[in-house]
Every structure is written in C-alpha cells, then in structure tokens.
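Heads up: the structure comes next, in structure tokens.
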Amino acid sequence: MSDRGGPARRWSRVSLILIGILLGSLLVRPAVAHVAGWAHNWTVHIKPRVQAYGDSRWVAKAAVQTGYFSCAGTAWESVLEGVTFETSGSLKYRTGGPATAIFRCSAQLPHGATVQAVRFTVKDSDATDVTCSLWRTDMTTSIGTDPPEMAITATTGTPGDTQISDTSVTDAVINNARYSYFLQCDDMGSTANAGVYGANIEYTVSGLKGAAS
C-alpha cells in the first residue's frame, strides 16, 4: 500500500519550518535592533572618561605645576636656650630670656623643586624689626654647616600685621639628598607686638620630579 500522503506531510513540515523561520525573523530582528540600540546608548553614558590629573596629587610628565608649603606660627620652635614665648592664635612671640629670639620651622619640599618665593606673615608693632629667612643645612659634605641664607626679608617701621617676601632665591633647586631646609625669624621684641604668624614657600615642580603638595 503506497503512502501517498508522505510527500504531502513532508511538505507540510517544511512549510511549517519555513513559516516559523519567517515569523521568528520578523519578531527577533526588531528585538535585536532594540537591544543593540539600548546597548549603544548605554555605552555612550558609561564610556570611561580619560583625563589627566591636574591637581596636587600628580603632575603630567611634561607639565610644570606650582606647589606651596606652609608652616603656621604655632609649629615654630625656639632655637636659643632660655627664651620664653607665648602664642596667641597662630602668632608666636618672645616674652623673655636672651635679648633676642630665633624661631625655626622645618621646610618639607619635593626633591628637584625650584623655590620661586618665600613669604612670611609677621606682626611688627614696635621699634624692633622682624627679620625672616630661608636656610639649608649641609647633611653630607660640610656636615652641620648652614651656607648663606637662600632668601631673606625684614620689616621696616611698624607695619603691624603684614606679609614680607623675597623672590630672589639663591640655590633655589631643592636637593634633599644633601640638605635639610628650614624657615627662620629672629630679632623680635619681648611682647605680643612682634612675632610670627607663619610662612609660605612657593615652588614649581615638573612631572619628572614627582608630586606637588
């Protein structure tokens, strides 16, 4: 007995498969396009943003950045034995002891940086002028010696609360491998009319020298 319906059934299955493929393509294609569009839109939003840090943490290799170091008057220490002193806010001033006073604060600067300016904020309301300076101490060759000051400035008259500065810095490139650095103010009176509020060092540093603080 011949199976005349066999070819018809096969063609029916083939037709169903073709219809299924056609319907599937009609349904899947828009869905795929929709998903692709959604993914593209999100990649635009979440695409990593590449930028060079220009803040105080890092310096680009070819960039030169300005940095600062500051030291408030309360952090300064008396160098001469027997000097008595007081503080009022950030103002440090001599009250007695030897006829003069010398206050110092260690300066921490990046190796290879170039000092551009040194500024001291002081009080001078009496006849004694306040003299301030930046120094370095040799730590390796002529150990313990302080070469001539790198920068020096002083008040004149009685300007009261004022800032004095020096931009003519000698040996301005910092060499922490050989020297340690400090700020100094001296020749102050014996009352709160003359004292130091603090100091600020301005320097420049390149990307080859490291970070600016």
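The values are calculated or read from the model by the stated rules, or taken from the named source; none is laboratory data. What you see is a predicted model, and the numbers here were worked out from it, not measured in a lab. Quick reminder, even Gly has a Cβ in these numbers, built from the backbone with ideal geometry, and neighbours come from all protein chains shown. Surface areas here come from the heavy atoms of the whole protein model, side chains and all, with no ligands, DNA or RNA. Shrake-Rupley method; radii C 1.70, N 1.55, O 1.52, S 1.80 Å.
Evaluate the range 170-179: report whether one residue or more is modelled with pLDDT of 95 or more and within 30 Å of Gly96 (Cβ to Cβ).
No.
Please determine, by comparing only the residues of the range 136-164 that are open to solvent by 80 Å² or more (accessible area, probe 1.4 Å) and among the hydroxyl-bearing types (Ser, Thr, Tyr), which one is nearest to the chain's Cα centre (by Cα).
Applying the filter and picking the extreme gives Thr141.
With the checklist (1) at pLDDT 55 or above; (2) more than 24 Å from Asp146 (Cα to Cα); (3) loosely packed, with under 12 Cβ neighbours inside 10 Å in hand, flag the one item Val44 doesn't pass.
Single failed check for Val44: (1).
If I go through the range 165-186 residue by residue, how many of them are surrounded by fewer than 17 Cβ atoms within 10 Å (Cβ to Cβ) and charged (D, E, K, R)?
2
I'm trying to understand the selection: among the residues of the range 63-112, which are part of a helix (DSSP H, G or I) and open to solvent by less than 70 Å² (accessible area, probe 1.4 Å)?
Result: Gly73, Ala75.
Mind telling me which of the residues Ala72, Ala101 ends up being of a type in the set (A, V, I, L, M) and at pLDDT 95 or above?
One residue alone meets the criteria, Ala72.
So, in the range 110-160, how many residues would count as being within 19 Å of Ala99 (Cβ to Cβ), without any contact (Cβ under 8 Å) to a residue 60 or more places away in the chain and among the β-branched types (Val, Ile, Thr)?
Of the residues in that region, 2 qualify.
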